[in-house]
Amino acid sequence: MPLRTDRYFSPDPAQKSLALALYTGIAPLPLICPHGHIDPRLFSDPDYRFGSPTNLLITPDHYILRMLYAVGVPLEQLGIPSADGTPIEGDPRAIWQCFADHWHCFRGTPTALWLRYALEDVFGISDTLTPANAASVHDQISARLSDPAFSPRQLYEQFAIEVLCTTDAATDTLADHDRIRASGWLGRILPTFRPDALLNLESAGWREEVDRLSALSGITIHTYDAFHRALAERRAFFKERGATATDHGATTPYTERLSKAQAEAIFERALRGEAGAEDAARFTGHMLIEMAGMSREDGLVMQLHVGVHRNHNAEVFRRFGRDRGADIPLAAEFTRNLKPLLDYVGNDRHLTLILFTLDEATYSRELAPLAGHYPALRLGPPWWFHDSWNGMQRYFAQVIETAGLPNTTGFNDDTRAFLSIPARHDLWRRAVCEWLSGLLVRGMIDEDEAQSMAYACAYGLAKDAYRL
Amino acid sequence: MPLRTDRYFSPDPAQKSLALALYTGIAPLPLICPHGHIDPRLFSDPDYRFGSPTNLLITPDHYILRMLYAVGVPLEQLGIPSADGTPIEGDPRAIWQCFADHWHCFRGTPTALWLRYALEDVFGISDTLTPANAASVHDQISARLSDPAFSPRQLYEQFAIEVLCTTDAATDTLADHDRIRASGWLGRILPTFRPDALLNLESAGWREEVDRLSALSGITIHTYDAFHRALAERRAFFKERGATATDHGATTPYTERLSKAQAEAIFERALRGEAGAEDAARFTGHMLIEMAGMSREDGLVMQLHVGVHRNHNAEVFRRFGRDRGADIPLAAEFTRNLKPLLDYVGNDRHLTLILFTLDEATYSRELAPLAGHYPALRLGPPWWFHDSWNGMQRYFAQVIETAGLPNTTGFNDDTRAFLSIPARHDLWRRAVCEWLSGLLVRGMIDEDEAQSMAYACAYGLAKDAYRL
Amino acid sequence: MPLRTDRYFSPDPAQKSLALALYTGIAPLPLICPHGHIDPRLFSDPDYRFGSPTNLLITPDHYILRMLYAVGVPLEQLGIPSADGTPIEGDPRAIWQCFADHWHCFRGTPTALWLRYALEDVFGISDTLTPANAASVHDQISARLSDPAFSPRQLYEQFAIEVLCTTDAATDTLADHDRIRASGWLGRILPTFRPDALLNLESAGWREEVDRLSALSGITIHTYDAFHRALAERRAFFKERGATATDHGATTPYTERLSKAQAEAIFERALRGEAGAEDAARFTGHMLIEMAGMSREDGLVMQLHVGVHRNHNAEVFRRFGRDRGADIPLAAEFTRNLKPLLDYVGNDRHLTLILFTLDEATYSRELAPLAGHYPALRLGPPWWFHDSWNGMQRYFAQVIETAGLPNTTGFNDDTRAFLSIPARHDLWRRAVCEWLSGLLVRGMIDEDEAQSMAYACAYGLAKDAYRL
C-alpha cells in the first residue's frame, strides 16, 4: 500500500485539512541539515557506491542493531565484527532476511516510518517488508544500487538538500571536504568542529590526540596555554573551510570556571598521565566555558549534547566497540550546572549556544525557561531517542509556550544513515503541521501565523540559528 | 478577527459541543482570586491611573520582558532602569513599537492568548498586533486609559471579581488594605501573610527586616522565642485584617524539625551575622514546620511555592534587580523532604497546606500520591511557567487520576498584571471544559458529574480551599 | 445508564470505528494474570464467601481507603482496626454509606471506572452510586453475595481467567496452592517467589524470617553460604509447585556486586543484629544480582518493583499498619544503578528481568532505552498509580517508539481486589485499542499489524514473558 499523502495527521477532518494545507506549503522547501554524522567520503569520491542493501540500511543503523540485539539476535549474526574473532555472518542476504524476520519488532517505532518512506521514495517499493518478500525486496534494492546513477551526489540533489554539515574531529585534516570543493561539484558539505577527544582527559587515546593536534597546528603542546592556542588555530582552520559550528558532547552539563593556574595544573597532570576522574570532569566543565568564549570571538555556533552514559554495556563495548546501541541516557540538571558558563557568556546576543537533552523532564522545567531568557541560548530539536513522532509532539507541547519558537532551532537529522534524511525531515515537517494545525483549529494562532511558523520550523530557524 | 466563542476547544464536533455547554454554565461565575501579586494601591487610591499602554501592559510583565530579552532586545531599550545608570528608552511609544515588532515571538505562548483577550475584552481591539498597526493600537488603548471611568475599582467590578488576595510582607503595615476598607468601597481585597524575608536568614536585609518586625510587633527580638512570638503576633494582625492564608517560598521543599536549642543557636548566630548557608537551609526547613503548626492553631491556609533558582542571571540581577525574568526552575523532591513536616501536621484535617511545583515530573510521581493521602495536603494549580493551555492539560492528565479533584484547589492567577486576570481565568475555565468534555465524550463521567466538576474547578474549590 | 460499548474511545468517528473493531477482536481472549496479590485462600477453600459488600469492595482496597482518608474520613470510621484500640465503625452498611457519600471524590479516577464496571458486570447494577441509592445498591450486592453460586472459583471461570499468579513470601508453605491442586479444580493458580523479607536486612522480623527459612529448607543458616543455598532450595520448591517467576521489591534499583567475603561479613553482622542502613542497602543490591544469576540457572522470570517510600505516614503506620495507602513514590535512577546487575547478566537472552517504575520520567529517559538494548530486560506495564487510562496512554507514547513492543510484557492487574480484575483488563485492552487505532488512522501501522499488536498486548506478551 503506497504511503498516504495525509499520513500522520489528526483524523479530525477540519484539523487534517489545515495540516495538509500547511504541509503543502513547506514540503517543497529544500532541506537544511545543520548537524549529523554523514561520512564526507560519500561526496568526496564521485564513484562512491553503497554496497549491498544490508551495508546500506542495516549495518550502520544503531537503532536497528540495538532492537534486534534486544530481542535476542547476536550481533555476530548481523555481521558485526567482534574483537575476539567470533565467526560472523558473512552473507548480506542472510542478514537482510533476519532483519525482515524481525520487522514486526519495529512496529510503532520511527525506524519503521523512516524505512518505509525510504523504500518507497528512493526504491519505489510500497509493500510492507515481510519475511516472505524479504528476498524480493532485497533484489529490487540491489538492482537500484547497481544503477550508476545511484550515487550519494545524485541523491543529495534528488533529496533537495541545500546544505549538509558533517561532524569532524578537531584533528581531522578535512581532506575529504577539500576534495569535495576541488571537484567542482556544487553540493554544500560543511565541516563541524568537534574537539571532544581533546577536551575529555579520560577519552581513550587522549595523549595521541594531543600529539595529532600538535602536529596539525604546528604548536608544540607542553602547556595549557599552547593547548588553548592550538585549539584556537584548529577552529580557524575549520572556519576557513566553511564550518559555521562546533559540537560538544559531555556526560553532564557541568561547567566550572577554573583559574588559569588550576587549568594549567590539571592539564599538566593529564600530560603526565596522572589526571583522575574529578580532574577530567572539572577540565571538561572549564573547557566548555572556554569554547563558548572562543565562539563569542570567532562566531562559530556552539552545540552542546549532554546526558548519555556511553558504552553502557561492558561486554558489547569490549567485543564490538562503540556506537552499537549501548548508550543509555541519564537524568540531567542544567539550571545549576550551566550557571558558570551563562554567567560568563549567557548575556551575549552575538553568541549562539544550542542545547540538546535526552531527559525530557528538563524541557519544561529547565531548558524552556533558560532558552526563554538568555540571549545566547537556543534549544535544539528533540534528539536521538526523541527524534520521533511522539518525541516531537512532546517537545512542541512542553517547550514553545515558555521558550517561544524563535529560541529554538528547527530540525536537524543527526543521522549516520544517508537514506533516512528525507524521511526524517518529512516526519518533522508533518509533526510541525500537526502541532500548528492543532493551534489553528483551536483559534490559538491565525492562518498567516501558522504559515510563518511552519516555514520557520521547516527551513528558516535552522538556517538562521546555524548561520548558514 | 474577533475571538471565537469556541476557541481553544477540541475540533471534534461532539466533544466541542459538550465543552461549549459546560463552559456556558460556568462562564458567568464570579472570579475567585486567592493568590496573586496585584498591588493593593490600585484599590486604595480611588483616583489610581494606569499610565501609558506600555506602563500598563509591558513594563510590569516579566513574561514579556524575558522573551524580548531572550531574542536580543536590551532591557534598557524596554525602559527598565539599570543600577549603573545606562541611558534607557524613555518614550513609551517607542517601547510599544519594539514590543509590536517582536510580537511574532509570542506565537503559541500564553502571553499571546492573554494579551489578545485583554485587547478585545477591555479595549475592544480585535486586530492582531502587528508592527504596522502598533501606533494605532497604542492610541486606542491610550484613549481608553484617559477615560476617568477606567479605574482599577471599576475594572474589578467589570471583571466580576468576588475576592482578590494580595501577597504582603509579614512586616507590611497593611495601610493600603486599611484604606480600602475605610473607603467604603465594597470590593473584597484581602492580604496574605508572606514572611519569606524573615524566615530566610540569607535574604538581603534580613537584619533590618527583623528590626521592622520588632518595631511593628512591639516585641524586642533578641531570641528565637521572641522572634516566634512576634511572628505569631503578625499572623494575628493579618488575620484581623481579613487574611485567610499565608504564603511561603523556598528554594527546595526541605523540612527539618530542629530542637528548640538548635533553633535558638542558629537564630543567635544569624543575629550576630554568623549564620551560614547550611544554617539558613535548616532554619527555613524548621520554620516551615513551625508555620504549619501555627496554621493549625490560627486556621490560616498555608501555601508553599518551591523549586526555583531566583535571580539566576547574575548580570541582569546586578544591573536590573529582581523579577526581571531570570528565575529558573530546579528539580524538586517532595517525598523525603516534606516527611518531617507531614509527620508533624500531615494528618490534621483542619489544616490546609497547598503545594505548588515547577517540576512537572513531580505531579504524578510525588504530589498526586501525597495529596491523595494526607488530609492536610492539597495540590495547587499549575504554577507560573505551567499556567498555560498545555500546562493545564498535563496537570489534569497527571494529577486527578491519583489525587482526586477534591484534593486540588481550583485556579489562582498569581499575576502582577491586573488586566490579565480575566484572560487567565478564561483560559483555565476553557482548559477545564476541554478536559471534562474529553472524559464525558468517552463515557468516563456523566453529564451531571461534569457540570459539578466544572463548577468546582471554576469557583467552588478555590473558595473552599482558601476559606473565602 | 449502562456502560457504553464504545466507552473510553476517541470521539473521532474514523478512529472510534477502528478502535471498536480492534477491541471486538481481543475482547473474548482469556485473561492472563501473571502478577497480583489475590489471596490463594479464595480458591483453596471451595466454600469461601466474600462477606459483606463493604468487606468485598472497600476494606481491602487501599485506593479507596487513601482517598477517603485524604478528604478527612478517619480510618476508624471505615472499620480499619487500630493498634491503640480506638473504637471503630462496626456496621458495614454505615461504611458503605460513607463511601457512597464520598463517591464524587473518585470522579475521573480509575477507581470509579473499575467499580462501575464491576457493579454492572458482576452485579447487574448500572446506576451510578449516589448517597441516595447507597442502601439499595448495598442490598442488591448483598443478595448476590448470598447466592451459593457466587464463589471465587465460579467467578474465576466467569471472568475467563486462564492463569492467575499470586505473590508469596519465600517462606510460605504454599499449602493453599497444594490444596487447590489436590482439590481437582481446574483453575490455574500459580505461586510467585517473593523473598523481600529475607533480602532486606532492615525489614521487621528479619531474624525470624531467616529462622523460618532455616526450618523450611532444613538448612541451618549460620553463614551467607547456607543462606544462599536455602534460598536456592526454596526457589526449587516454588518451581516444583508451578511458579514461573520471582518478584522483588526495593526502595531503589541500586545494585552492587559484593565479593563473597563482603557479603559474608554483612550477613554475619546482620545475624548479630549489627547491620546498619548502608549494610542493608548494599546487601539488597548484591542479592538482586544473585537472584538474577539464579534466575539464569532455574529459568524463573525475575520481576523488580522499585521506587516507593513504604509507610510514609508515620502515624498511620503506627496505628493501622502496612498497606493503608501511605506508600509514596520516589524519583528513581536506573542507568547507573542497574549497571552492575546488567554487566553480570544483561546480555543473557535466556534470562527475563521485568522492570517496573513509579517514576514516569524514567520511561523515555532510561527504561525504554535499556529495554530496547539489553536482551535480558523487558519493561513491565504501567504500575500502581499509573495503572490508569492516562497512565497507559503515557506509557505507550513514551515507551514503544524506543523499546519496541516485544520488549514489553503486556498487562498485569497487580490487584488485591479480585472483583476488579476484569475491569482492569478491560481498561487496559481499551487503552491498547485507543493507542493502536491512533497509529492506524494516521497511517503509521497497517491493519494486520494493529491486530497482531492488539493480540500481543491483550494476551500473547504476558503469556510469553512470564513463560506461562
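The values are calculated or read from the model by the stated rules, or taken from the named source; none is laboratory data. Just so we're clear, the structure is a prediction, and the values are computed from it rather than from any experiment. Methodologically, a virtual Cβ is constructed for each residue, glycine included, from the backbone with ideal geometry; neighbour enumeration extends over all protein chains shown. Each accessible area value is taken on the protein alone, full model and side chains, heavy atoms only, with ligands, DNA and RNA left out. Shrake-Rupley method; radii C 1.70, N 1.55, O 1.52, S 1.80 Å.
From the list B:His309, B:His305, which one is within 14 Å of chain A (Cβ to nearest Cβ) and at pLDDT 95 or above?
Answer to the selection: B:His309.
Does A:Glu360 satisfy the criteria of being among the charged types (D, E, K, R), closer than 18 Å to C:Ala361 by Cβ and surrounded by 21 or more Cβ atoms within 10 Å (Cβ to Cβ)? So A:Glu360 passes the test.
A:Asp413 fulfils the conditions (1) in contact with a Pro (Cβ under 8 Å, 6 or more places away or on another chain); (2) more than 14 Å from every other protein chain (Cβ to nearest Cβ); (3) open to solvent by less than 10 Å² (accessible area, probe 1.4 Å) except for a single criterion, (1).
Which residue out of B:Leu22, B:Leu42 is buried (at least 17 other Cβ atoms within 10 Å of the Cβ), part of a helix (DSSP H, G or I) and out of contact with any Pro (no Cβ under 6 Å at 6 or more places or on another chain)? Explain how you work it out, then say what you get.
On the way: B:Leu42 fails: out of contact with any Pro (no Cβ under 6 Å at 6 or more places or on another chain).
On inspection, the qualifying residue turns out to be B:Leu22.
Residues that are in a helix (DSSP H, G or I), open to solvent by 20 Å² or more (accessible area, probe 1.4 Å) and within 16 Å of C:Arg107 (Cβ to Cβ) occur in the range B:426-435; there is at least one. If you take the residues in the range B:128-151 that are part of a loop (DSSP other than H, G, I, E, B) and within 25 Å of B:Asp45 (Cα to Cα), which one is most open to solvent (accessible area, probe 1.4 Å)? The extreme case among them is B:Pro148. C:Ala21 meets all of the listed conditions (1) at pLDDT 95 or above; (2) in contact with a helix residue (DSSP H, G or I) (Cβ under 7 Å, 6 or more places away or on another chain) but one, namely (2). Does B:Ala397 fit the bill of being within 14 Å of chain C (Cβ to nearest Cβ), closer than 18 Å to C:Tyr395 by Cα and surrounded by fewer than 23 Cβ atoms within 10 Å (Cβ to Cβ)? Yes, satisfied.
Inspection of the range C:422-433 finds no residue satisfying the criterion of being farther than 26 Å from C:Leu155 by Cα and more than 18 Å from the chain's Cα centre (by Cα). Taking C:Ile58, is it more than 29 Å from C:Arg318 (Cα to Cα), more than 11 Å from chain B (Cβ to nearest Cβ) and open to solvent by less than 40 Å² (accessible area, probe 1.4 Å)? So C:Ile58 does not fit the description; no.
In the set (1) open to solvent by 20 Å² or more (accessible area, probe 1.4 Å); (2) assigned to a helix (DSSP H, G or I); (3) out of contact with any Asp or Glu (no Cβ under 8 Å at 6 or more places or on another chain); (4) within 14 Å of another protein chain (Cβ to nearest Cβ), the condition left unmet by B:Arg4 is number (2).
When C:Glu366 is tested against (1) open to solvent by 10 Å² or more (accessible area, probe 1.4 Å); (2) among the charged types (D, E, K, R); (3) within 10 Å of chain A (Cβ to nearest Cβ), only condition (1) is not met. Note on the range A:174-189: residues that are open to solvent by 20 Å² or more (accessible area, probe 1.4 Å) and either of a type in the set (A, V, I, L, M, F, W, C) or assigned to a helix (DSSP H, G or I) (or both) total 8. In the range C:436-463, the qualifying residues are those that are within 12 Å of chain A (Cβ to nearest Cβ) and small (Gly, Ala, Ser), and the one that is most open to solvent (accessible area, probe 1.4 Å) is C:Ser452.
When residues in the range C:360-404 are screened for being touching a Ser or Thr at 6+ places or on another chain (Cβ under 9 Å), part of a loop (DSSP other than H, G, I, E, B) and more than 23 Å from A:Trp114 (Cα to Cα), 8 of them pass. The residues of the range C:90-109 that are open to solvent by less than 10 Å² (accessible area, probe 1.4 Å) and within 11 Å of another protein chain (Cβ to nearest Cβ), listed by number, are C:Cys105, C:Phe106, C:Thr109. Scanning the range A:191-220 for residues that are open to solvent by 20 Å² or more (accessible area, probe 1.4 Å) and in a strand (DSSP E or B) yields a single hit, A:Arg194. Under the condition of being open to solvent by 60 Å² or more (accessible area, probe 1.4 Å) and within 19 Å of B:Leu342 (Cβ to Cβ), which residue from the range B:253-281 is nearest to the chain's Cα centre (by Cα)? Among those that are open to solvent by 60 Å² or more (accessible area, probe 1.4 Å) and within 19 Å of B:Leu342 (Cβ to Cβ), it is B:Tyr254. Summed over the range A:292-304, residues that are surrounded by 23 or more Cβ atoms within 10 Å (Cβ to Cβ) and touching a residue at least 60 places away in the same chain (Cβ under 8 Å) total 4. Scan the range A:71-85 for residues that are touching a residue at least 60 places away in the same chain (Cβ under 8 Å), open to solvent by less than 50 Å² (accessible area, probe 1.4 Å) and assigned to a loop (DSSP other than H, G, I, E, B) and the total you get is 2. Say we look at the range A:333-357 and pick out the residues that are open to solvent by 10 Å² or more (accessible area, probe 1.4 Å), in contact (Cβ under 8 Å) with a residue 60 or more places away in the chain and within 21 Å of C:Arg336 (Cβ to Cβ); which of these is nearest to the other protein chains (Cβ to nearest Cβ)? Per the stated criteria, the residue is A:Glu333.
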